[in-house]
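The values are calculated or read from the model by the stated rules, or taken from the named source; none is laboratory data. Computed from a predicted structure; not experimentally measured. Counting neighbours? That spans all protein chains shown, and the Cβs are built from the backbone with ideal geometry, glycine included.
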Amino acid sequence: MRDGLDLQPGMKVGVFGGSFNPAHEGHSHVAETALRRLDLDRVIWLVSPQNPLKDARDSAPLAERMASAERAARFAAHGPAMIVSDFESRIGTCWTVDSLRALTARHSGVRFVWLMGSDNLASFHRWRGWTDIMRMMPVAVITRPGSELDSRTAPAAARFAAARVPTARARLLPYLEAPAWTLLNAPLNHLSSTALRAAAKAEGSAAGQDA
């Protein structure tokens with residue numbers, strides 16, 4: 001368990017990556033929906049050391065984001081089902097495709113599923129090695145506010161249209177050979193990290209004016 005993960009062959013494990021800057025109920029919604037609808041044993045919250053596509057100046061320290069993810073994970077489910085991990089920092093990767101290669105190599109026999117919100121699917125084709133990710137493990141996309149229609153016509157969805165799995169068969173996803181992906185519709189949570197950071201900044205400005 002050198003990487004801090006306690007995974008056994010045969011487990012069905014969702015991998016939910018992100019900056020979590022900060023984590024919030026919207027992230028809990030994605031993780032909980034995937035856990036329940038895909039009948040997963042675990043969901044790993046893969047907290048990135050720094051998103052290479054985002055400005056580092058806008059990112060809170062890793063320890064702060066880890067703590068934020070741990071609070072959100074507890075909100076999603078109690079017990080061992082949710083694992084918050086700094087796996088990428090431990091092995092020195094910053095690109096998702098490299099992290100997933102390392103994860104699958106270290107945990108042979110685990111049935112991994114990559115999890116993402118539908119807002120990420122809309123821009124997924126811009127990620128480094130995105131086609132490799134699609135061919136590496138099944139993918140579950142959970143609906144997020146404002147991106148449902150865009151995600152259905154996203155370049156990644158079009159490129160892998162033949163690999164789409166009907167929602168009614170979603171529980172089979174961990175057992176399917178990649179490429180295979182499905183879109184899970186669920187009650188939408190409108191919270192976002194961007195909105196929370198803006199609110200915190202506004203609150204800080206207001207406090208400064210009152211001082």
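Within the stretch 88-121, being over 16 Å from residue 23 (Cβ atoms) and under 14 Å from the mean Cα position of the chain (by Cα) holds for 95, 96, 97, 99, 100, 112, 113, 114, 118, 121.
Yes or no, residue by residue, for (1) without any contact (Cβ under 8 Å) to a residue 40 or more places away in the chain; (2) in contact with a Lys or Arg (Cβ under 8 Å, 6 or more places away or on another chain); (3) closer than 16 Å to residue 183 by Cα:
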site: 89; (1), (2), (3): no, no, no
site: 92; (1), (2), (3): yes, no, no
site: 102; (1), (2), (3): yes, no, no
site: 109; (1), (2), (3): no, no, no
site: 112; (1), (2), (3): no, no, no
site: 122; (1), (2), (3): yes, no, yes
site: 126; (1), (2), (3): no, no, no
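Scanning the stretch 143-168 for residues that are under 11 Å from residue 121 (Cβ atoms), polar (S, T, N, Q) and at pLDDT 80 or above gives 143, 153.
Filtering the stretch 1-12 to residues that are in a loop (DSSP other than H, G, I, E, B) and at pLDDT 90 or above leaves 7, 8, 9, 10, 11.
Filtering the stretch 13-48 down to residues that are within 21 Å of residue 119 (Cα to Cα) and surrounded by fewer than 18 Cβ atoms within 10 Å (Cβ to Cβ), which residue is modelled with the lowest pLDDT?
Ranking the candidates gives 25 first.
In the stretch 49-65, of all residues being at pLDDT below 85 and of a type in the set (A, V, I, L, M), the one that is surrounded by the most Cβ atoms within 10 Å (Cβ to Cβ) corresponds to 53.
Just checking, which of 84, 113, 97 is under 22 Å from residue 157 (Cα atoms) and crowded, with 20+ Cβ neighbours inside 10 Å?
113
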